[in-house]
1. Are any residues in region 119-135 hydroxyl-bearing (Ser, Thr, Tyr) and modelled with pLDDT of 85 or more, and if so, which ones?
2. With (1) in contact (Cβ under 8 Å) with a residue 60 or more places away in the chain; (2) within 14 Å of the chain's Cα centre (by Cα) as the list, and Val113 as the residue in question, which single condition is left unmet?
3. How many residues are loosely packed, with under 15 Cβ neighbours inside 10 Å and either under 13 Å from Pro146 (Cα atoms) or in contact (Cβ under 8 Å) with a residue 60 or more places away in the chain (or both) when one looks only at region 219-236?
4. Confirm whether Val168 is touching a Phe, Trp or Tyr at 6+ places or on another chain (Cβ under 9 Å), farther than 23 Å from Met71 by Cα, modelled with pLDDT of 95 or more and in a helix (DSSP H, G or I).
Amino acid sequence: MLELVHDAYRYRELIWVLTLKELKIRYKGSLLGYFWSLLNPLLMTAVYVVVFTAFARVGRFDIENYPIFLMCAMFPWTFYQQALSYSVDSIVNNGSLLRKVYVPKMVFPLAVVLANGINFLLSLLPLAFFLWFFGIPFHKTWLYLPVPLVGLALFAAGCGFVVSAANVFFRDTEHIVQVFLRAYFFFCPVIYDLRHIDPKYHFLLSWNPLLYALDGFRLALFYGELPSAGQAVLTVAIGLLALLLGYAFFRRFQDSFPLYV
């Protein structure tokens, strides 16, 4: 862990250059460019709002200001989803560079997570506008947002290390990740929270590592509440554990990357 922190600081300029490159080339040639990073969660929010309020009319989703309820978790979920989706190819896509010169491998998945983190931070501006538009008051609990943000970013980085390394040796990892994300979405408190789920399932859902970060965003933004101290600690602790295990896995195989990419 200390090695990761040391190397990230040592190569911080390279990470920043790669982050800017990631932001520039992602939407290169696209008419709307960066705005796709905002339209993605907004369009998905619109789809689920229509499904659960107009078509399904399931009682548990009969929530006042449901679009905002959904956005408060959809935006951070999109950050995690995109961080993982782009991390999976981060080593393979830079294979030619790794074969020519020495480059610290960990900078590539870290740059992807950082780029998506910047997109997410910028997306908080339109989210704040929608909160105002729907009459949701701004709460002091917004000051808590750095906690779930840090926890989510650490967790995304840890997962990014795992999938980027696995994809070097098993290229089907990219497709598995996409299937996993589609399924995992419904196990995360995005379209619902635990208040709308039968209590007998709470224990099972409490093992979801993303539960505490996503719920932290919604509590602070939508409900104007703070989670318990235990939930706040778990949010960061889970992220740290994921980062530690993910980097250990990545470091175990990184010396072999140039032979396979």
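1. Within region 119-135, none qualify.
2. For Val113, the failing item is (1).
3. The number of residues fulfilling the criteria is 3.
4. no
The values are calculated or read from the model by the stated rules, or taken from the named source; none is laboratory data. Just so you know, these numbers come straight off a predicted model, no measurement behind them. Don't worry about glycine lacking a Cβ; one is built from the backbone with ideal geometry, like all the others, and counts go over all protein chains shown.
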